Structure formats: C-alpha cells, structure tokens
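**Student:** Attaching a single structure in structure tokens format; questions to follow.
All of the numbers you see were taken from the coordinates with simple rules; none came from a lab. Not measured: the values here are computed from a predicted model. Using ideal geometry, Cβ is built from the backbone for each residue, glycine included, and neighbour counts are taken over all protein chains shown.
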Amino acid sequence: MVGFLSWLVLVACVLVLVALFFPFRFRAEFEAGEHGGKVRLFFFKKKLWSGEKKWGRGKHSTSAHDDDEDSSDRDIADDDAFMPEFVATAPKKPVEKKPAPVAKKNDAPVPTPAPAPAVPETPSVKEPVSVAEAKTTETKSSPAETVQAKEAPAPEKALTGSTDSAGSATGSATEEPKEKRKLTEAEFWTILLTPELDSRAFRYVKNLLGIIFKLFNIRFENCYVEGIRADYVTMGYGAAVNAVMKGFPYLESWDIRMDWCRDKDLCTAGKIHAKTNLCRVFFLLFAAVFYVAVLFLSFWRRRAHVLKTGELPELGFVRKKIVGWMVEE
C-alpha cells in the first residue's frame, strides 16, 4: 500500500511539472498594404480570431447615382426645414363669471356657550403646633432612634459616591475616540515623489518589463517589406541596412525589398510565433504582487513617520514644482 501511494505521488508530481513547463504555442499571421490589412491569430492549429480592415481609396468611393440621390434627399430636407408650419387651433370660449354667494337674512348666527368661571383654589391651612407638644415628642424619641438617625446619612453618601463613579465610567465610555489625522494632498504627493521611493519604483517597473519581454519566446518567420521606392542611392543604403539586419537574432527573418523596377505596391506580410508556459506566467504574477507589496509598505512607513513627527522629506526644485501643480489641480 505504501509503495502504491509513493508511486501515485510521484506520478502527480511529474504531471504537475509537465503542466507547468508545457509550451503553449501561438501564431499570428499579418498582411498589410495600401488598401487594407488582415490579421489572424492561432492557438496551435486552431484559429482563435481573425480581423480585416479597409482603408485608402476603396473605402470612400461612391457612384454618380448615389450622389444624385444624396443631393435630392438633401434638397427635400432643406425644403422641409424652410416650410412654415400651420397648426389649426380652436377658438377659445369666454369664461363665464359666477356671482358670489349672498348670505340669507333668515340665517341667524348660532350663539356660542360662555366659558364657566374659574373657581379659585383655597390654600390649605396648617394647624399651629404648640411649643410644648413639640418638646414632648422630642423627649419621647428613644436613644436607638437617635443613633439610627445619625447613621442614616452614611449610606446616602455611599450611594452618591457609587452613582458618581458609575456616571464617570459611563461618561468615559460614551466619549468618542479621537479621529486620526489624515494626510493632506501636498503631504501625499511629497511622499509619493520622494527620490528613494521613485528610484525603487522605476527599478521594479524595469524588472517587470524584462519579465514580460521574456514571458513569450517570440520568433519571426518569412517577414518582409516590399515596394520601397526612392532614388537609387537611397535604395542602395536600404539594401545595405537589410544585409546588416541579417546578423541580429530577432531581425534575421526580416527582408527589406527595394522596388528597383517600380512594379510592386508597398506592402508587408509575415508570421510571428510566440511560446510560453504556466511557470513563466506564475512567476510574473508573483513578482508583480511582491513589488507592489514592497512599495506599499515603504509608502505606509513614510506616511506613519510624517503623521507622527510632521517632518516631510526634502525635494528638489523640479519635484517641488510637480507637487505644486498637482495640488493646484
């Protein structure tokens, strides 16, 4: 059982490696001349897309009959534009004025009931208490009640203290947190145009362009440009340049043909082969994500430093002018 699982894992690894390094081939065929061009895109031997575009003299050519029809239609349209419009409108009827309603003499006003008079409230009269009775009630109170009366305010103080502490706690909880200061537009562009950050960004962009260029293994096949006409001296120089181009790997399949007899139209044609695999695609995606993450972290660190200390990096004259233009916009 263990041997079977090991063989299964080995076969899966081989299949993954084959899928990663399997070459996917694309082919593009193009033709272009003075009157139009064609492009066809193939994946292996299957045609994916084809397009054709016309330009030059055949695109806008029209016959005399079409010109006559266009001119007649244009004249009719002009006549319609200058023809006055007559719209039949019905005469308006005069609006009859109705007399205002007159009140009848027999209709007597309805009497409204008078409000009832307000009864004044009699204040409650307290009975006077004699000094002797007050002294007798004070003497009748027991010493235990006096002790309780003395100790009564203590719980009230405790309660008030607890309520004050609870109120302060709730007040502190309800207080909103202070909003963090955000970067101004001038600070943002100053950080973005820092020389160190820009040099790193340009270096990463250069590396990405190199990876994209190496993503497809491009090869030309039977590509030529013919019908080039000029004086004999210039065409001789063109033939010399064509001979030099044969020594370069990407241009050795190109052929520049001079029209010495002046019997050929200017045109170009050829085939472009491209080859790639999944490993190169994944490497390009990983490199792009890594470079973007590094640039974002460096920008975030500079932003935190500016928000904490308020110190902006020094810029040169040209960069300051660019920051001023961006802020004004």
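**Student:** DSSP loop trypsin sites (Lys or Arg not before Pro) in the range 265-327 with at most 16 other Cβ atoms within 10 Å of their Cβ, which ones?
**Tutor:** none
**Student:** Something else: What GluC sites (Glu not before Pro) does the range 1-62 have in DSSP loop regions with at most 16 other beta carbons within 10 Å?
**Tutor:** Those satisfying the criteria are GLU34.
**Student:** Can you give the net charge of the other residues whose Cβ lies under 14 Å from the Cβ of ASP255, counting K and R as +1 and D and E as -1?
**Tutor:** 0
**Student:** Hey, another quick one. Which links in LYS214/LYS271; LYS47/LYS214; LYS46/LYS264; LYS54/LYS271 stretch past 26 Å when you go from one Cα to the other?
**Tutor:** LYS46/LYS264, as the Cα separations exceed 26 Å there.
**Student:** Could I ask something else about it? Just want the ordering: SER199, SER253, from fewest to most Cβ atoms lying within 10 Å of their own Cβ.
**Tutor:** Least to most surrounded, the residues fall as SER199, SER253.
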